[in-house]
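S.K.: Got a structure for you, questions after.
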Amino acid sequence: MTLWTNAPNMSGTRFEAQRYMRAFVHVPALVSDGIERVMVMCYGVGNTASAALLHESVERVDVVDLSADVLEHAPFFEPINGRPLEDPRVTVHVNDARHHLRMVPEGTYDLITGEPPPIAFAGVVNLYTREFFELVRSRLRTGGMISYWLPINQVNERVARAIVGAFV
């Protein structure tokens, strides 16, 4: 199944998509001493949020998505994601990720994972800036990690290098 919004394919349940989306949580969890607080930016079909809930150490998952419509379509993907929005550890925030991060104190999360829409969409470029990545970093607890989608197949080399530079 695929999540389409305003024409483009935003997310899906194909095995390849599930694998990389779940890796956004599983890889950091494998190398950490225990992830308790997670922020999942951009819900999509729920693969990443679902992966976070598989870890016993996870006490809280904040799902932050700008689109209430995406969240309303979550039931269509329940056979794959297992209903993560119904888990009592999950809190849903319909909000811009930048605003959400400004509203929480520094040192809130052990893991912040982001899979924003394609960078060419209006406003999305703001989620790939140095300022945004600095804000994200400030909201991590000591030893916290960020996993982030880089749409390398949608940008040229110069743009990809600029995003990596901003992230680093």
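S.K.: Kindly provide the set of residues from segment 58-83 that are modelled with pLDDT of 95 or more, open to solvent by less than 50 Å² (accessible area, probe 1.4 Å) and farther than 22 Å from PHE121 by Cβ, ordered by number. Walk me through how you get there before you give the answer.
M.R.: In the first step, residues of segment 58-83 are kept if they are modelled with pLDDT of 95 or more; the result is 58-64.
Narrowing the set further to residues that are open to solvent by less than 50 Å² (accessible area, probe 1.4 Å) leaves 58, 61-64.
The answer is VAL58, VAL61, ASP62.
S.K.: Right, another one. Please go through segment 3-42 and pick out each residue that is open to solvent by 60 Å² or more (accessible area, probe 1.4 Å), over 13 Å from the mean Cα position of the chain (by Cα) and modelled with pLDDT under 90.
M.R.: TRP4, ASN6, ALA7, ASN9, ARG14, PHE15, GLU16, ARG19, ASP33, listed by residue number.
S.K.: On to the next question. Which strands (runs of 3 or more DSSP E) sit wholly inside segment 57-131 and have at least 2 residues that are among the charged types (D, E, K, R)?
M.R.: Numbers: elements: 60-65, 90-94, 109-114.
Counting at least 2 such residues, we get 60-65.
S.K.: Which of the residues belonging to segment 136-159 are open to solvent by less than 40 Å² (accessible area, probe 1.4 Å), in a loop (DSSP other than H, G, I, E, B) and closer than 21 Å to HIS100 by Cβ?
M.R.: ARG139
The values are calculated or read from the model by the stated rules, or taken from the named source; none is laboratory data. The model shown is predicted, which means the values in this text are computed figures rather than measured ones. In this analysis, Cβ positions are derived from the backbone assuming ideal geometry, glycine residues included, and neighbour counts consider all displayed protein chains. These accessible areas exclude ligands, DNA and RNA; they are computed on the full protein's heavy atoms, side chains included. Shrake-Rupley method; radii C 1.70, N 1.55, O 1.52, S 1.80 Å.
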